[in-house]
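To keep things clear, I will list the structure first and then write my remarks on it.
Taken together, the values in this text are just the output of simple stated rules run on the coordinates, not laboratory data. Being a predicted model, the structure only gives us computed values, none of them experimental. Reconstructed Cβ throughout: ideal geometry from the backbone, glycine too, with neighbour counts over all protein chains shown.
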Amino acid sequence: MNTGLLFAIISPFLSSISTIFKSAAVKALGPFAVISFGSLLGAFLLIVYLFIRQKKFSLRHLKDNFRDFSLLILTRPIFGELLFVFGLGMTLGVKAILFTKIEPYFVLFWQWILGKEKVTPSQLVLLTIHIGGAILLSTGGNFTGINSTHIGDLLIILAMGLFSLSYFPAKKVAVKIGAVQTNSIMLLVSGLFFLPFAFVFSNSQAFDFFTKGWAYLVLSTIIFTVVGLTLWFVSLKSVKGWIVSALRSLGPIVGIPFAYFLFGEKLNMAQMAGAIIILSTSFLIAREHFKKPH
């Protein structure tokens, strides 16, 4: 199996597990602490890795690709991650990993807008059904009103729109600068940017490094921010973005049982129906893509 494809398969598994831990960390420490301290920890670990492996970083390559790198920073670790962690603080982690499955449709949308790729009627049907599943997952069949949980679900979906846009500059930057180098700089910039907000808006637990919240943050950072996200960058160097995104539908296979056995998070029958719809449509859109000649 192609190494890039293998990494594209492993990354969503790590992402789903990490999302469960990150959800618990956000609820304990606050969103700004999770973004800033998690990003800085991830950057530190990756920089140490680069130093040990004696991998060099070229400022010239960063300067030459500054536009793509800036777009990557804005779409993923700044605005995208901000929406994501605030959403995690308002909803269940098990729901969050399912809502991330809408990302392939956003990738299609951006390819349609930016790459002039045609969207077929079958893709529009799948998207409509997928959105219906997302609504069912969010509401649990109760349509009496909007609460904070629904807002959290919406924030995660909006975050996926920004994350999907990051695929385009990420591929270019990963090839030119390097996967680990790109991830480490991206995390360092994000961590420093949100650091003042972390000191001002975080609760007292954020500065107690021996709590469960910090344990969850460290686990989330190592599992995805350091390992999974680096594998994502590596996969984009040799695998098409839509394939990498479509393979994210594999994540809940690990994430859902993990959330249940570790944190007791579960869905009611209506939400389970929504989850099945989301996973089914994600699988079908991935299968449709793989059948296409590219």
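Given a Förster distance of 45 angstrom, what is the FRET efficiency for S70 paired with M269, based on the Cβ-Cβ distance and rounded to 0.05? Walk me through the numbers on the way to the answer.
Details: r = 46 Å, r/R0 = 1.01.
Approximately 0.50, to the nearest 0.05.
Under 5 Å from the amide H of G140 lies no amide H of any residue 5 or more positions distant or on a separate chain, with H modelled from the backbone and absent for Pro and chain starts.
The label-point distance for F197 and L5, in a model that sets each label 7 Å from Cα toward Cβ, rounds to 3.9 nm. Residue separation of S204 and R53 scaled by 0.36 nm, minus their Cα-Cα distance, works out to 50.6 nm of gained length. In order along the stretch 178-184, phi translates into HN-Hα couplings of x, 5, 5, 4, 4, 5, 5 Hz, rounded to whole numbers, per the Karplus curve 6.51 cos²θ - 1.76 cosθ + 1.60 with θ = phi - 60° and x for Gly and Pro.
For trypsin sites (Lys or Arg not before Pro), the sites in the stretch 95-171 that DSSP calls loop and that have at most 11 other Cβ atoms within 10 Å are K116, K118. Could you tell me how far the Cα centroid of the stretch 144-193 sits from the Cα centroid of the stretch 202-254, in Å? Cα centroid to Cα centroid, the span is 11 Å. The aspartates and glutamates within cross-link reach of K212, meaning a Cα-to-Cα straight distance under 18 Å and a gap of 8 or more places when in the same chain, are E265. Bridging of K176 to aspartates and glutamates at a Cα separation below 18 Å is possible for D64, D68, once same-chain residues fewer than 8 apart are set aside.
The label-point distance for I129 and A215, in a model that sets each label 7 Å from Cα toward Cβ, rounds to 4.2 nm. When the chain is treated as a GNM with alpha-carbon contacts under 10 Å, the residue of P196, P31, P169 showing the greatest mean-square fluctuation is P196.
Which of the three applies to the stretch 40-115, rounded, prolate or oblate, going by the alpha-carbon gyration tensor with a ≥ b ≥ c and a/c under 1.5 meaning rounded? It would help to have the intermediate numbers written out before the result.
On the way: a/c = 2.57, a/b = 1.38, b/c = 1.85.
It is oblate, given that a/c is not under 1.5 and a/b is not larger than b/c.
When the chain is treated as a GNM, springs tying every alpha-carbon pair under 10 Å, which of F66, F233, F99 comes out with the largest mean-square fluctuation? Comparing F66, F233, F99 in the GNM, the peak value goes to F66. Which of the aspartates and glutamates could a cross-linker span from K118 if the Cα-Cα distance has to be under 16 Å and same-chain partners fewer than 8 positions apart are dropped? In chain and number order, the partners are E288.
Please go through the stretch 104-189 and write out the chymotrypsin sites (Phe, Trp or Tyr not before Pro) that DSSP classes as loop and that have at most 11 other C-beta atoms within 10 Å.
On the way: sites: Y105, F106, F109, W110, W112, F143, F163, Y167; in loops: F143.
Sites meeting the loop and neighbour criteria: F143.
Each semi-axis of the equivalent ellipsoid for the chain is √(5λ) with λ an eigenvalue of the Cα gyration tensor; in descending order they amount to 28, 26, 16 Å. Applying the Karplus relation 6.51 cos²θ - 1.76 cosθ + 1.60 with θ = phi - 60° to the stretch 118-133 yields 3J(HN,Hα) values of 6, 9, 7, x, 5, 5, 5, 5, 4, 5, 4, 5, 4, 4, x, x Hz, where x marks Gly and Pro. With the chain treated as a Gaussian network of Cα nodes joined by springs under 10 Å, which of R76, R248, R60 yields the largest mean-square fluctuation? Comparing R76, R248, R60 in the GNM, the peak value goes to R60.
Could you work out the helix-only [θ] at 222 nm for the chain, with each DSSP H run of four or more residues adding -39,500 (n - 2.57) and the total divided by the number of residues, to the nearest 500 deg cm²/dmol?
Numbers: 16 runs with 223 residues, N = 294.
Counting only the DSSP helices, I get -24500 deg cm²/dmol.
The string of couplings for the stretch 35-43 from the Karplus curve (6.51, -1.76, 1.60, θ = phi - 60°) is 5, 5, 5, x, 5, 5, 5, x, 4 Hz, one whole number per residue in order, with x for Gly and Pro.
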